[in-house]
1. Quick one: of A:Lys55/A:Lys219; C:Lys68/C:Lys492; C:Lys186/C:Lys535, which pairs are farther than 21 Å apart, Cα to Cα?
2. Which residue, chosen from A:His415, C:Gly35, C:Ile222, occupies the Cα position most advanced towards the positive end of the dipole of the protein assembly as shown, where the dipole is computed from +1 (Lys, Arg) and -1 (Asp, Glu) charges on Cβ about the Cα centre?
3. I'd like to know which of C:Met187, C:Ala250, C:Gly143 lies farthest towards the positive end of the charge dipole of segment C:111-266, counting +1 on Cβ of Lys and Arg and -1 on Cβ of Asp and Glu.
4. Hey, got the average number of other protein chain Cβ atoms within 10 angstrom for residues in A:356-367?
5. Assuming a strict under-18 Å limit between Cα atoms, what lysine pair count do you get for segment B:280-425 once near-sequence pairs (fewer than 8 apart, same chain) are dropped?
6. Sorted by mean Cβ packing within 10 Å, highest first, what order do the peptides B:342-349, B:71-78 take?
7. Quick check: the angle from helix A:47-60's long axis to the longest principal axis of chain A, C-alpha only, nearest 10 degrees?
8. Nearest 20 debye, what's the magnitude of the dipole of segment C:96-225 about its Cα centre given +1 on Lys and Arg Cβ and -1 on Asp and Glu Cβ?
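Bear in mind these aren't lab numbers, they're just calculated from the coordinates by the rules spelled out. Please read these numbers as outputs of a predicted model, since none were measured by experiment. Cβ coordinates were reconstructed from backbone atoms using ideal geometry, including for glycine residues, and neighbour counts include every protein chain displayed.
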Amino acid sequence: MALKDDVAKIVGEGNVSDAKKDRLMYSRDYSLVPPGIPDAVAYPSDSLQVSAILKYCNSKNIPVVPVSSSRHFYGSTIPKQGGLLVDLTRMNKIQEINDADRTARIEAGVTWGQLTAELEKKGMRMIMPLLPPADRSVLTDWLEREVPTNTVYDYGEPMQAMEVVWPASEPFRIGSASVNGFPDSKSRGGNPSGPGLDFYRLVQGAQGTMGIVTWSHIKIEWMPKIDKILFAPVSDLSYAIEFLHRILPRRIGQECMVLNNVDLAAILAEKWPDDFDRLAATLPAWTLILVISGLFRRPEEKIAYEEKFLKEVLRNEFRDLVLTDALPGFPGAARKLLPMLRKPWPADKPYWKHQWRGSSQSLFFIARPASAPLFIDVVEEVAARHGYPISEIGVYFQPIEHNRACQLEFTFFYHEDEAAVIAGLYRDAAQALMNEGAFFSRPYGELAPMVYERAAGYSAALKRVKKVFDPKNIMNPGNLCF
Amino acid sequence: MPTTQFSLDIKKLDNFAYDMSRCIKCKGCYWVEHTYMPGVRFSTRCPSNTWNDFDAYGAFGKMRIGLAMIEGKLKWSPKLLEIIYADPLCGACDVGCKRNLDLEIGLSLEAMRVKAVQEGAGPMPAHKKVAENIAKTHNQFGAPHENRKKWLTADIKIAEKADVLYFVGCSASYVAPEIARSAAKVLNAANISFMLMPDEWCCGNTLFSVGMLDEARELAKRNIEAVKATGAKTVMLTCAEGYRMWKVDYPKLLNISTAELGFNVVHFVEAADEALKKGTLRLSKPQNVRLAYHDSCGISRLADPWTPYSGERGWMGTVNPRLKRRRGTSGLYAQPRNLIAAIPGASFVEMPRTRENSFCCGAGRGTKEAFPDLASFSAKHRLEEVREVGAETLVSACPWCKNNFSQAVRQNGDNIKVVDIAELISASL
Amino acid sequence: MAISKKAYNALESIVGAKYITDDPAVCEGYRSGPGGYESGLGYERVMTKIPACVVLPRTTEEVQRIVKVCNRYSVPYVPYSTGFYGPRSHCHVENELLVDLKRLNDFEIDEKHMYAVVGSGVIYSPLQEEAMKRGMYVIIGGGGAQASVIANLIGDGWSPLSHRIGLPHRRILGTELVLPDGELVKMGSLAVGEDPFWGDGPGPDLRGLLRGFTGLRGCLGIVTKMAVKLLPFQPEKPMPTGIAPNTALALPEHRMKWINYQVPNKAAQVKAMFEISKAEIAGAVTKVPLFWRAIAKAECKEEFWDLWGKENEETIKNFHIVRVLLIGFTSEEQMKYDENVLNDIMAELGSQPRATKPSDESWIKNADSAGMWLMCGSYVSVDYIIETLSHAVQHGEAYADLKKKYTPPLMPDYGDPGWFQSFELGHQGYSEFLVYWDQDEDTTGVDHFYVETSKMNIRNRFYTSLLGPHQPLYLTGPKYGPNYHQWLLKVKDEFDPLWVCHPPTPLAHDVFVEKAEWMKSIKDWEVPKKFPMPKWE
């Protein structure tokens, strides 16, 4: 087949396939997006190959779907118009770890499992979203703006300088990596912005529709010397959110989140279904989880001042909240959960959201924290209409940057044969949430047309930008508003 | 390195070419000084540029226009005259700029007016009327000269000879006699012996301020001679405009320093405050009012004494000999506040813009006559602050302020009493 | 010099007669320079013009309509918030309209969610005051409190307080941008509703069009409204003290403190920054140029030269200060912890704290930034880079060498390597170089120095702010990206096919080099026969 043969000239015979079994592997994922199959799959090993591939596909008007992980939740890597799937998992080198400047350069195929292990050897870590699968691409998760569990850093975004390949161009370096000769340069890759325009913004949240990011610098941190994980059972979510408004701007804590009983049970359970059933039934409605840490110098003093502050606030202002270093009734929760928050979910275990019924769909969006109870009501109402038990919805409240905003995530668990019901529930819930002001900043699958209909002006401008970088619309067509 | 001779002489706009060409458009002349910035409301202290938003109406715009005038790029026009004259020359720009830089903004603005008069384009018709009045009847208003002392009442004791000469001024003499009476009563009560000018004429503030230097100089000479002839050691005023004129601009007109005048120039608040400290002034009658105090420009930003200067400018714009610039540090801020604090029952609130950050009432230095709209706008804008702090009474230290605020209060229908500080003190005797 | 009568009438019907003018005196008030940021140089003399007409819109809608009229009648226009940024923010062609945005000064604040919504006319010090009244703070860029918040956030936007947050780009939330053809784009959560609380997306992030590492000088549209992040502060508001010119903010003793440390050498200075960042303490950490100390002490320009004239290369080489601002964000105990850790670090480096005033003039309300012009009358920050700390240190050295060649006309700084510090708790480093000169002297050297700095960066492979419209696009373009300039020009062509928005930016510096005779000698890069843009004169 012409496509395969032509691509083989770029990547080598063994690194391209049009075998059905290979193509089928990319045709579905954990989302409800209908299956779609590429015409061939290529496995490039470096940016120059990626560039050659894109030039070729651009000249022939062949859609390109870039993929960097082995596991996908949102449907954006399912080919919507056929074409060539470009699998970057071979590009999995951690090219550099610079502990003085606290930055690492990773290729698109570097996974959470890989990176956390390497960093751990040096006593370092990255801020992370909640339990990313070990076989997911770190770079993709940050490009797609997954929300970190760590709320204390004002500088939020972990991504720094990067390389992107636009259709019909040489590899293009963004930010301070744009310096000629990088990385053989004085520039070390610490700045994502520029040159000229903030290209890095255009590829964020783009679901591979603008270009292919081949590597990126990311911020890395030192492991704290002391960590203490604290729990508070919560029955009134608003109360807990007020507490977070009080303590998070005071720069308390590292990781901080609120999980409902269903989500936390699914995370903690080891023996299925017994552990899960017991946990889901006996965990408090919500659990606030807060990690406080001492760093390199005088770590005990840091823990001490944070604890003192918390104690005073709780005593004087939040008497109904009991924050301790154990989850009442669950000995060992602290010892179990803390390392989990600093590591990805093991690839050899079913993902925590899939252990219960095999399938799940998560609806997540950015919101004002105080609106969380309203949104919960909205979802519960829609769930009830679709016959989905309210007690079986997973809810995860993630404060963002001092709790100035939050990500709210609702998870519906189901057996495969219930997919149609869940699809209806998902769609109606999304619509209802949007009507109430939920901001879906990452519109995957069928959320995209819902969002872009409301954001008509934004969508029009996006299309004009797309016209500049991908005039033939070969990059992952059929996603977002493209 | 070539040097340029220059002097702080407003008769030649060229003297300020360096200053105008080094304006950096930071608008420190327009904004309340950032350290004291009170928030998004009340953020400016330039009346002209708050009244008219085009850059030309701020000092930073005028510096560019002044340069264009030197370069011969602009023709005289009504608009150009408005830009130059719709401005109370309140000193906010000069002091704002001098927080960080060494540029003579205030003098540049004065020099632009002088140039307008020199070239026959200025001043405004309303100013010419004032000049006519002064020439004919020795007061701004064209009122009969013989009525100048009509404010005096029988109970006021005037000395034949005293160290202190109270220069009443046109406004207190003719349109705000309550100020003169109150001040006189306070002085009497404090046993401060004072005399009046045998034949008091206008101080010439408006003439000077609009660029009519020759006329103003004649008046200055005449008035100084008249004071010297009385043997007074101190000239005291209740008018902030007059205070500034005597203390700063008489020396400027005569190319001498304030110290060389031959007598001290003080404002009533200084005399009263000194008496309060000495114990000779006692305030016992309570006044249960919530009041705000407006720092009149003439006794705040514009109060630094004058020293003539000429020298040369050289490398990097450095001047030789060294020049200690007037940066508005001599404002009479403590004295009125001490006096107010001494009034039993009075509750004093500072406005968001205070001291050198005060927003000019907009009346002075020829503005009210030629641009009543600007004067009204400024006063009304300042009254918003008075309302903001919930004050019932607004106190100031200048009849121009009092008159302008009073008119604005009437037009607004505000429930705010406007008094001069002399009246306030007098009411607590 | 005029715009067409039809255009003028159409504009007048939008803003009303009171807010439009073509009067020569009023327009003269909008002259660029001859004093100011980057003023008194060739670029300003060659590239700036007096506007033919000025309008003062009040709302986004008025701005949109103005821009559409400009497109209809081919009227070039430039957006202008304060004009403080110097020649690059002024009219560049004949018969141009200046859109003065100062009346877009609406302000809202959401205390709970820590953001404020501002129009283009809002400047920093009122915003800082409103934030501090509510226990929050903002980072006022080095340009000073008089800078427009929006203009600064899409242009530059950093200060020693960037130690904690770094890039100003991520302080931008929901934003309204009027595109060069008059279409309106609302970004972030504003794209789907009225709430501006969030800035990303939806999907790809069009905030990428607002700026690059440094700004686009308004050539890709006009931002009329922006929600801006406020950062949680400590609860005791610093209070203003003193009478001008000696005003300062008194710092609350147990919650805010500047400490100056003298360290034995440059290496220790750098190490201090690495260690303080690694320890994740402090609100600001910086090494500032030594002549700023002289500015702070001097009452006048002459006194500055008394002080500065006593320094030389030896004294500069041997005097190293690290300035640290401690902020008790959490509590007094946290500030004590920060101070203990800081003293541990500085003791390891052989340093002791010096007596430091318990006040701030420069970085909280930024009242003294205009002092940059005190010494010589002219100033520009010729290059300023956010990269890593390692980069910052090396850049300073290379640059100091180049600068010697151009001193005079540049002010002697005895090799002081400028302002540098940590950003983002050490994930980034910042270096800035400030140059000063007297515009009455021959400033050809300064014009050349600018471009030579670009070339030095390219040769030595440094990142730089001298990109985009700041320097010739055809010089830097091929060397960064590579060919970022082609993408920038394509985006420009897509959104502004008439090039009616602030022409000839982003090619303004390229045009300057072509027009200025004295720039020919240093022009050693290729440019196309004709610049790819419509011709404006």
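1. In this structure, A:Lys55/A:Lys219; C:Lys186/C:Lys535 lie more than 21 Å apart at Cα.
2. C:Gly35
3. C:Ala250
4. Counting Cβ atoms of other protein chains within 10 Å of each residue's Cβ and averaging gives 1.
5. Lysine pairs satisfying the spacing and distance rule in segment B:280-425 number 5.
6. Descending mean neighbour count gives B:342-349, B:71-78.
7. Here the helix axis deviates by roughly 60 degrees.
8. Rounded to the nearest 20 debye, it is 420 debye.
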